[in-house]
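Novice: Okay, here's the structure, questions in a sec.
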Amino acid sequence: NAGVTQTPKFQVLKTGQSMTLQCAQDMNHEYMSWYRQDPGMGLRLIHYSVGAGITDQGEVPNGYNVSRSTTEDFPLRLLSAAPSQTSVYFCASSYSFRMNTEAFFGQGTRLTVV
Amino acid sequence: AQRVTQPEKLLSVFKGAPVELKCNYSYSGSPELFWYVQYSRQRLQLLLRHISRESIKGFTADLNKGETSFHLKKPFAQEEDSAMYYCALIPAGNMLTFGGGTRLMVKP
């Protein structure tokens, strides 16, 4: 039972490069989301999706794009990487947004932009 | 807008001592509150949720609506409790909002 799978685990980018962080879940969850984790700031929501074809912005969406063409996949695209995007990125999924629903997290992608 | 505050970035205690990780929230409605934990080299996982009123690994958390707090407590800390702890809330119809996290270090 894979749960939430993120790839890659580590990535180094040069400023201005673009890349896609992959996220897949096999639990048929409606909700998927991307967070970035920075020291002292906790996890901040970047983008989220409430189902295939529906996405919305979170707290810190600038510089990132998402799409949700299938229930299983929710890739995060960095359009033009900047050093400020150096962070650990977590993908999460949950059955629904309704109360008391547990979120399941991927193992994270550590991204360094130089 | 909702906000979760964890005032301590680092909490260091000795094994066997009581532990209290503080969490305060601001939200105009009735939120659902959670504690998530991240052990070293492991993924973030749910520890407990307030609606369940459960005790997990000896931890409990009580929602105090008057003080808008949801502190996590354990009477006797163990070394294996060392981890990063995040308080989080779900406002109605929205996504998880996390606090800044508290690193708990339990010394032998």
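Novice: Got a sec? Which of A:GLY58, A:GLY63, A:GLY42 is in contact with a helix residue (DSSP H, G or I) (Cβ under 8 Å, 6 or more places away or on another chain) and free of Cβ contacts under 8 Å to residues at least 60 places away in the same chain?
Specialist: A:GLY63
Novice: Restricting to the range B:1-46, what's the tally of residues that are crowded, with 18+ Cβ neighbours inside 10 Å, free of Cβ contacts under 8 Å to residues at least 60 places away in the same chain and within 16 Å of B:SER69 (Cα to Cα)?
Specialist: Looking only at that region, the number is 3.
Novice: With the checklist (1) among the hydroxyl-bearing types (Ser, Thr, Tyr); (2) within 13 Å of chain B (Cβ to nearest Cβ); (3) surrounded by fewer than 17 Cβ atoms within 10 Å (Cβ to Cβ) in hand, flag the one item A:TYR89 doesn't pass.
Specialist: Result: A:TYR89 passes all but (3).
Novice: Please give the number of the condition A:PHE74 fails out of (1) in contact (Cβ under 8 Å) with a residue 24 or more places away in the chain; (2) surrounded by fewer than 14 Cβ atoms within 10 Å (Cβ to Cβ).
Specialist: (2)
For every residue, the table says whether it meets (1) touching a strand residue (DSSP E or B) at 6+ places or on another chain (Cβ under 9 Å); (2) open to solvent by 10 Å² or more (accessible area, probe 1.4 Å); (3) within 14 Å of another protein chain (Cβ to nearest Cβ).
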| position | (1), (2), (3) |
| --- | --- |
| B:LEU48 | yes, no, yes |
| B:ILE51 | yes, yes, yes |
| B:GLU67 | yes, yes, no |
| B:PRO91 | yes, no, yes |
| B:ARG103 | yes, yes, yes |
| B:PRO108 | yes, yes, no |
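Novice: Going through the range A:77-86 one residue at a time, which ones are open to solvent by 10 Å² or more (accessible area, probe 1.4 Å), in contact (Cβ under 8 Å) with a residue 60 or more places away in the chain and touching a strand residue (DSSP E or B) at 6+ places or on another chain (Cβ under 9 Å)?
Specialist: Matches in the range A:77-86: A:LEU79, A:ALA82, A:PRO83.
Novice: What residue, among those in the range A:64-84 that are farther than 21 Å from A:VAL113 by Cβ and not in a strand (DSSP E or B), is nearest to the chain's Cα centre (by Cα)?
Specialist: Filtering the range A:64-84 for residues that are farther than 21 Å from A:VAL113 by Cβ and not in a strand (DSSP E or B), the one nearest to the chain's Cα centre (by Cα) comes out as A:PHE74.
Novice: Residues A:MET19, A:MET32: which one is under 13 Å from the mean Cα position of the chain (by Cα) and more than 29 Å from B:GLN2 (Cα to Cα)?
Specialist: A:MET19
Novice: Which residues, taken from the range A:41-52, are more than 14 Å from the chain's Cα centre (by Cα) and either under 11 Å from A:ASP73 (Cα atoms) or open to solvent by less than 40 Å² (accessible area, probe 1.4 Å) (or both)?
Specialist: A:GLY42, A:GLY51, A:ALA52
The values are calculated or read from the model by the stated rules, or taken from the named source; none is laboratory data. Since we're looking at a predicted model, the values are computed, not measured. In this analysis, Cβ positions are derived from the backbone assuming ideal geometry, glycine residues included, and neighbour counts consider all displayed protein chains. Calculation scope for accessible area: heavy atoms of the full protein, side chains included, ligands and nucleic acids excluded. Shrake-Rupley method; radii C 1.70, N 1.55, O 1.52, S 1.80 Å.
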